[in-house]
Amino acid sequence: MSQPAAYRVSHLDALEAESVFVMREVVAEFERPVLLFSGGKDSIVMLRLAEKAFAPARIPFPVMHVDTGHNFPEVLALRDRRVAELGIGLIVASVPEAIDAGLVRESPDGTRNRIQTPVLLAAVEKYRFDGVVRWGAAG
């Protein structure tokens, strides 16, 4: 009788499995999680991992984009298309709206990186999210 072939999982497959496990744990442990989406490659991968984690059901949490007002139209189109395809909620926390309302002030150099944080925190509080799923430095 021959020995069965050793079962090996690639490093990438192991990372994917761990990510799927973490997403499922977040849903099990938190009442109102949200997935941050910037439109960058990291958040696109996270959205795909969430899709895999809960297939064939829908992703059980919304996506939130902290919109700086400096996004390429193609990024916003991709965001809107993927959210519609997946049938999940989208929350947009708008930096320009926060500036117009006087909640944050833009720095003289025009960068909005620092003022994204209070906009994000205000949205987390407004929607009562208790778990935020993000990847990488940019979310």
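Quick look at the values:
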{"read-out": "Accessible-area ranking of Asp67, Asp42, Asp109, Asp13, largest first, probe 1.4 Å", "value": "Asp109, Asp13, Asp42, Asp67"}
{"read-out": "Nonlocal amide H pairs with Phe37, under 5 Å, H built at 1.01 Å", "value": "Met64, His65, Val66"}
{"read-out": "Accessible surface, the chain, averaged per residue in Å² (probe 1.4 Å)", "value": "67"}
{"read-out": "Fluctuation leader among Pro108, Pro60, Pro73 - the chain, Gaussian network, Cα springs under 10 angstrom", "value": "Pro108"}
{"read-out": "Rg in Å to one decimal, and Dmax rounded to a whole Å, for region 47-99 via C-alpha atoms", "value": "12.4, 40"}
{"read-out": "Low-density loop positions, GluC sites (Glu not before Pro), region 6-63 - DSSP coil, at most 15 other Cβ in 10 Å", "value": "Glu31"}
{"read-out": "In Hz, Karplus ³J(HN,Hα) per residue of region 120-125 (6.51, -1.76, 1.60; θ = phi - 60°; x = Gly, Pro)", "value": "4, 4, 5, 5, 4, 5"}
{"read-out": "Carbon and sulfur %, accessible surface of region 1-128 computed with the full protein complex present, 1.4 Å", "value": "55"}
{"read-out": "Where labels lie 7 Å past Cα in the beta-carbon direction, separation of Gln3 and Glu106 in nm", "value": "6.6"}
{"read-out": "In region 68-139, trypsin sites (Lys or Arg not before Pro) in a DSSP loop with at most 11 other beta-carbon atoms within 10 Å", "value": "Arg105, Arg128"}
{"read-out": "Spin-label pair Leu78/Ala17, simplified geometry with 7 Å Cα→Cβ offset, distance in nm", "value": "2.9"}
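The values are calculated or read from the model by the stated rules, or taken from the named source; none is laboratory data. Computed from a predicted model, the values in this text were never measured in an experiment. Here the Cβ is made from the backbone with ideal geometry for all residues, glycine too, and neighbour counts use every protein chain on show. What goes into the accessible areas is simple: the full protein's heavy atoms, side chains included, and nothing from ligands, DNA or RNA. Shrake-Rupley method; radii C 1.70, N 1.55, O 1.52, S 1.80 Å.
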